[in-house]
Amino acid sequence: MMLAAAVLTLTSCKEKEKELVLDPSQFAGLWVKTNNTYEYWRFNSSSMTGITWDETPDPDNGEPEMTEEESNLGFSWSVERNIVSFVWHGLMENQSVPKYYYITEISSAAIVGEDEVGLPFTLRRVQ
């Protein structure tokens, strides 16, 4: 009986994951990674483009090693159900690099999911 309840619970959780449908406007704005508070992501939902940068302080002078204005880590993105597809531009000798994120939860405050190899991530809204 307990096994049947556990299987039913797992099945219903998986079905809820599949039912998650994302709206691109939910991503608009500036976000920071919770496990690296120097890594920022800005999403523009009207053009489906974005940029990311890492403001880790330089050990010599404490200044950020990169700012949003200096970043060349641009991407285009699209949403299909609970999958956000990114195409990074200029990462590897000006070649486009695709990457996928599976979103399990999204709110006005956070985006939670995992990347294509199963690494979890959480983005917290900054603005």
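Every read-out reported here was derived from the displayed coordinates using simple, explicitly stated rules and does not represent laboratory data. In this text the structure is predicted, and so the values were computed from the model without any measurement. We place every Cβ from the backbone using ideal geometry, glycine too, and count neighbours over all the protein chains shown.
From the Cα gyration tensor of region 21-125, with a ≥ b ≥ c the square roots of its eigenvalues, which class applies: rounded if a/c is under 1.5, or else prolate if a/b is larger than b/c, or else oblate? The shape class here is prolate. Computed from the Cβ-Cβ distance with R0 of 35 Å, the FRET efficiency linking Ser108 to Glu69 stands at 0.85. Relative contact order for region 21-125: 21 percent, from Cα pairs under 8 Å spaced at least 6 residues apart, divided by residue count.
Work through the residues other than Ser78 whose Cβ is under 13 Å from its Cβ and net out their charges, Lys, Arg +1 and Asp, Glu -1. If you can, show how the numbers build up before the last one.
Details: positive: Arg81, Lys99; negative: Asp23, Glu80.
Here the count lands on 0.
The simple spin-label model puts a point 7 Å past each Cα toward its Cβ; for Thr34 and Asp58 those points are separated by 3.3 nm.
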